[in-house]
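Novice: Here you go, one structure.
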Amino acid sequence: VQLQASGGGLVQPGGSLRLSCAASGSISMFNVMSWYRQTPGKERELVAVITQGGSTNYADSVQGRFAISRDNAKNTFYLQMNNLNPEDTAVYYCYALERLSVRYWGQGTQVTVSS
């Protein structure tokens with residue numbers, strides 16, 4: 001299975017973006033789907049998680065602004081990002097865990113928040 005992240009770009013502070021992570025196979029086999037982000041010189045940070053059962057969890061820094069969702073019919077999961085600020089600038093990676101043991105990473109998509 002391969003993950004393809006897309007939807008990044010340049011947005012002004014206060015703006016919105018929706019990231020997509022399309023899987024080459026069925027996401028119904030994924031126990032967990034997540035979005036991480038990374039800036040130069042820092043460790044990759046967990047941003048949002050969704051389980052196959054639909055439970056979600058968010059980093060404190062994005063709580064109330066970001067929303068993770070999935071569409072099993074499209075084999076895609078998403079990260080809706082609202083009220084973006086410059087601190088959200090990073091490369092965003094999608095991640096999935098299958099059968100609690102197989103890990104998949106997407107290639108990353110750049111999000112830049114700047115006026």
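The values are calculated or read from the model by the stated rules, or taken from the named source; none is laboratory data. Source: prediction; values computed, not measured. Cβ coordinates were reconstructed from backbone atoms using ideal geometry, including for glycine residues, and neighbour counts include every protein chain displayed. To get the accessible areas, we keep the full protein, side chains included, count just its heavy atoms, and leave off ligands, DNA and RNA. Shrake-Rupley method; radii C 1.70, N 1.55, O 1.52, S 1.80 Å.
Novice: For the range 49-115, what Kirkwood radius comes out of the mean inverse Cα-Cα distance, in Å? Let's see the in-between values first.
Specialist: On the way: mean 1/r = 0.0747 Å⁻¹.
After inverting the mean inverse Cα-Cα distance, the result is 13.4 Å.
Novice: Quick one: which residues, 5+ away or cross-chain, put their amide H under 5 Å from the amide H of V62? H built at 1.01 Å from N.
Specialist: Residues meeting the amide H criterion: none.
Novice: Could I ask something else about it? In the range 40-95, what percent of the accessible surface is made up of carbon and sulfur (1.4 Å probe, ligands and nucleic acids excluded)?
Specialist: Numbers: 1350 of 2960 Å².
Here it works out to 46 percent.
Novice: Which whole number of Å³ per residue matches the convex hull of the alpha-carbon atoms in the chain? Present the calculation step by step, with values, prior to reporting the outcome.
Specialist: Numbers: hull volume 10.6 nm³, N = 115.
That works out to 92 Å³ per residue.
Novice: So, one more: If you count only protein heavy atoms and use a 1.4 Å probe, how large is the accessible surface of K42, to the nearest 10 Å²?
Specialist: Taking all protein chains as shown, K42 has close to 140 Å².
Novice: Which percent, nearest 5, of DSSP beta bridges in the chain are antiparallel?
Specialist: If I count the DSSP bridges inside the chain, around 95 percent turn out antiparallel.
Novice: So how strong a dipole does the chain carry about its Cα centre when Lys and Arg Cβ are +1 and Asp and Glu Cβ are -1, to the nearest 20 debye? Kindly include the intermediate steps, with their values, before the conclusion.
Specialist: Values: 9 positive and 7 negative charges, 44 e Å.
For the chain, the charge dipole is close to 220 debye.
Novice: Let me ask you something else. Of V1, S115, T56, which is farthest on the positive side of the dipole of the chain, counting Cα position, with +1 on Lys and Arg Cβ, -1 on Asp and Glu Cβ, and the Cα centre as origin?
Specialist: Of V1, S115, T56, it is V1.
Novice: Would you mind working out the accessible area per residue for the chain, using a 1.4 Å probe, and quoting it in Å²?
Specialist: Values: 5910 Å² over 115 residues.
Ligands and nucleic acids excluded, the result is 51 Å² per residue.
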